[in-house]
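Participant: The structure follows.
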Amino acid sequence: MTLCRYRIFAFLIIISLHISCSDKNENLLVPGISEELAHHRESIIDNITYDLYFDIPQDRNDAIHSTARISFDLKDTEDDLLLDFNAAPEKLKAMDVNGNTIDIHWEKEHIVIPADLLEPSNVIDIQFDAGEQSLNRYEDYLYTLFVPDRASTCFPLFDQPDLKATYKLSLTIPSAWKAVTNGSMVSKDDTGAKTTYVFKETPLISSYLFSFVVGDFKMVSRNVNGWALNMYHRETDSVKLANNVDAIFDWHQKSLDWMEDYTGVKMPFEKFDFVLIPSFQYGGMEHPGAVLYNASALLLDESSTLNQELGRGRLIAHETAHMWFGDLVTMEWFNDVWLKEVFANLMASKIVNPGFPQVNHDLQFLTAHYPGAYSVDRTMGTHPIQQDLGNLKDAGTLYGAIIYQKAPIVMRMLEEGLGHEKFKKGLREYLDRYAFDNANWDDLIKILANDAPFDIEKWDEHWVKSAGMPVVQYLIRSKNEKDISKMNIWSTNEQMEMDDDLWWRQDLDVLLGYPDTAKYQPADLLTGKEKPDFKGEPFPEYLFINGGGLGYGYFRMNGDSKEYLIRNVDSFADPVLRAAIWINLYEAVLRGHLTPEKLIHKAIESLPKEEEALITEYITGVIYTIYWKMLTDENRAELAPRLEGILLNMMLHAPSINLKSTYFNSLKSVAISENGVLILKKIWNEEMEMEGLPLSEKDFTSLAYELAVREVEGYESILTEQGKRITNPDRKKKFDFILPALSADAAVRDTFFESLKEVKNRKNEAWVLEALNYLHHPLRAEHAVKYITPSLEMLREIQVTGDIFFPKRWLNNTLSGHSSEKAVDEVRQFLYKHNDYPANLKNKILQSSDLLFRSVELKRDKK
């Protein structure tokens, strides 16, 4: 090589390296927190402490003046460093880096720190006004909600879960208010109108777990086994509070005791306060030392059902379990957010189930998880349990039924396959190894794979890392000979090709039915070493592959078995099997293997025979869906008097409050005949005696809503009167917000919908979602079709400005009342015009519109 050519070659290498470095920096500086940025920062940043101060004024329209001191060590000081701040740059007032005052450089939701000012140990001081997207700020209270990446919408920080830090917080608030945060109070300085609190530094936690609440709250305290538990609330009904407070503290105590015993790890944090928030976005949020709950989930009405009481216990146990699974050991990246949720769910069941011996917990698990999981997993928008996540700004789209309903089913399968003791031992090792640190699903799998009786890695690849719902089928090759010894069972995927003859391996119990008896034959397709052997078994009259009830998937039935099961479902004594058959029959309807009319008539016929409240609740849900979405208007009107009569009779004569409540809610949702609506009006007027079913303010309010949407004579005065009955100020504001969505005047409803295009009017998401239910009620659906396209067009903004569950719930409540060709066209045209729509949001649309498309197709097939 000549010298000239060598110099040219060297010059090109230098240019290439420069371009690569520039490209690398450019890749890191993007909106949100990219996976590349997160990995880069985790490799160079350590020992982070945030010293934060917020001065919160009485007037929610005034700015919150704040300061942050960020201390950290840095392994590499050659490149500029990015701090996250996803708020208006004008809120940043002054900045000092290691004693040097600098001009603030904000770009693409980040503050750029010049490399030449960085050292191995650093202190950054920032004066700013807090961003308010994640500050849920009301007239007399405020609470933060920073999951998954919303802390950076409030203050500057490194907002990723694997950069755990300690937090020192000081707050100045109106003196009449109370303050709750992760740490206990160190000092309090009352200056008259305002009080300044200083709180204890937290242990290492992820940014999404940092939290504070301030406002006009009352406090109830209990000393429980040496723990001082404090509950903050805004409930004005002293009787309601008194009826619930013992159970609330009791379940917290039981949950703490059980978790310490099961894990072998003492409660990892120094205090356990919890706050009951009116119309909170979630059931609960597990901030250590400052757990937030939806007030209505814990403060139950006198008419609450056993299932609601069980749900309260599980919610408390779920959030308590998060202190270990999620808070002590946290996922590295939000693609594993399901991991903390599935263990919180699993532990919650173990904690609460023994306290409800009267509940069939296998049945409860089946009805609570399988239908919800199937509602997403059967759609074209389904996804694996463990999902890809390129940028933390999209983390909210990962949440949904696959995480909360399917993942517990899959984890239960893993625990049963490994054995309970081996599973428990693995979890203890996991918590011990990664305490106050981060870990991923693969870290846990490596621990659990030791001495596993089956191929966990292959199981993981299929059940956790692949998408879709298995369709389990069977083939009897020698039917003419009445010989089932050669019967094969296999799974396929409706969305994907199978890779072997037993794609989703799971252990099943096959039900073989004969004229006078039935028999279960194990088919251990996961843990068994051989294929199931049916040699010597007589040829059955009917066969159901999911005889054990807890297999996952759609279990195809041949014609004879399907006819037998639908005729005789009520005769099966085992409630788990009975519920599994009902769920499978409904899945058959959705796939066109059974007509909706046949199933709804069977469901109505079965109601008086069914004594299990959970199965009754599922059956009435199926009736509701078929009634409003799959029947013609004429068929619905013809069926209504019979359905209303049965529901009314069962409501009045059912033996338990659980069943009475289920029938009351079902009647309220389906009544359309003149007589049926009159009954609802009499119940609201308290002209009809409801022996054994005490109705709450919530019940009467929902009755008023249902009467309004049916436009009964005098509905305006009913709403006015109901509004006067509500004394709690938070519930009264909610009522007033929903009123326009109930109006018989289409112009009023149009104006209300237009108002939802402004972010400020969607601030209280629970109110918005309930209003959408009435705006898109089936009786109003024809007019509401025109709201569908603009609602879909708002989805991107809603994902950015709303909380994690809001985009999917917005879609569900927009589309659930529709079953027309026009509605299908609106969705189809939107997807066609936006063929390059972000995949995660497109999947949400496909999930929420699946039932709409299937319902229209089923009605189309009948024409």
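The values are calculated or read from the model by the stated rules, or taken from the named source; none is laboratory data. Predicted, not measured: the structure shown is a model, and the values here were computed from it. Note that we place each Cβ from the backbone using ideal geometry, even for glycine, and neighbour counts take in every protein chain shown.
Participant: Would you mind telling me which numbered condition in (1) crowded, with 19+ Cβ neighbours inside 10 Å; (2) modelled with pLDDT of 95 or more Ala613 fails?
Facilitator: The single condition Ala613 does not satisfy is (2).
Participant: Follow-up question, since we're still on this one. Go through (1) out of contact with any Leu (no Cβ under 8 Å at 6 or more places or on another chain); (2) at pLDDT below 95; (3) in a strand (DSSP E or B) one by one and return the number of the condition Asn223 breaks.
Facilitator: For Asn223, the failing item is (1).
Participant: Follow-up question, since we're still on this one. Take the residues in segment 575-610 that are surrounded by fewer than 23 Cβ atoms within 10 Å (Cβ to Cβ) and polar (S, T, N, Q); name whichever of them is farthest from Gly645 (Cα to Cα).
Facilitator: Looking at the filtered set, the residue picked out is Thr595.
Participant: Next question, about the same structure. Six or more apart or on different chains, Cβ atoms under 8 Å: show the pairs whose first residue is in segment 592-606 and within 16 Å of Lys859 (Cβ to Cβ) and of a type in the set (Lys, Arg) and whose second is at pLDDT 95 or above and assigned to a helix (DSSP H, G or I).
Facilitator: Lys598/Ile566
Participant: Check Ile111, Ile104 and return the single one that is of a type in the set (Val, Ile, Thr) and surrounded by 20 or more Cβ atoms within 10 Å (Cβ to Cβ).
Facilitator: Going through Ile111, Ile104 in turn, just one is of a type in the set (Val, Ile, Thr) and surrounded by 20 or more Cβ atoms within 10 Å (Cβ to Cβ): Ile111.
Participant: Looking only at segment 45-65, count every residue that is surrounded by fewer than 17 Cβ atoms within 10 Å (Cβ to Cβ) and of a type in the set (Asp, Glu) and tell me the total.
Facilitator: The number of residues fulfilling the criteria is 3.
Participant: Okay, moving on. What number of residues within segment 297-309 are surrounded by 20 or more Cβ atoms within 10 Å (Cβ to Cβ) and not in a loop (DSSP other than H, G, I, E, B)?
Facilitator: 1
Participant: Another question, then. State all residues of segment 556-582 that are hydrophobic (A, V, I, L, M, F, W, C) and modelled with pLDDT under 95; if no residue qualifies, say none.
Facilitator: Met557
Participant: Residues of segment 139-164 being over 24 Å from the mean Cα position of the chain (by Cα) and either in the same structural domain as Phe269 (by TED's automatic domain parsing) or surrounded by fewer than 22 Cβ atoms within 10 Å (Cβ to Cβ) (or both), which ones?
Facilitator: Glu139, Asp140, Tyr141, Leu163, Lys164
Participant: Looking at Ala68, Ala87, Ala94 in this structure, which one is buried (at least 16 other Cβ atoms within 10 Å of the Cβ), over 23 Å from Met331 (Cα atoms) and touching a Ser or Thr at 6+ places or on another chain (Cβ under 8 Å)?
Facilitator: Selected residue: Ala87, the only one of Ala68, Ala87, Ala94 that is buried (at least 16 other Cβ atoms within 10 Å of the Cβ), over 23 Å from Met331 (Cα atoms) and touching a Ser or Thr at 6+ places or on another chain (Cβ under 8 Å).
Participant: Which numbered condition trips up Trp810, out of (1) surrounded by fewer than 17 Cβ atoms within 10 Å (Cβ to Cβ); (2) under 25 Å from the mean Cα position of the chain (by Cα); (3) modelled with pLDDT of 95 or more?
Facilitator: Status for Trp810: all satisfied but (1).
Participant: Quick one: which helices (runs of 4 or more DSSP H) sit completely within segment 363-467 and have at least 2 residues that are surrounded by 20 or more Cβ atoms within 10 Å (Cβ to Cβ) and out of contact with any Phe, Trp or Tyr (no Cβ under 7 Å at 6 or more places or on another chain)?
Facilitator: Passing ranges, in order: 407-418, 420-433, 456-463.
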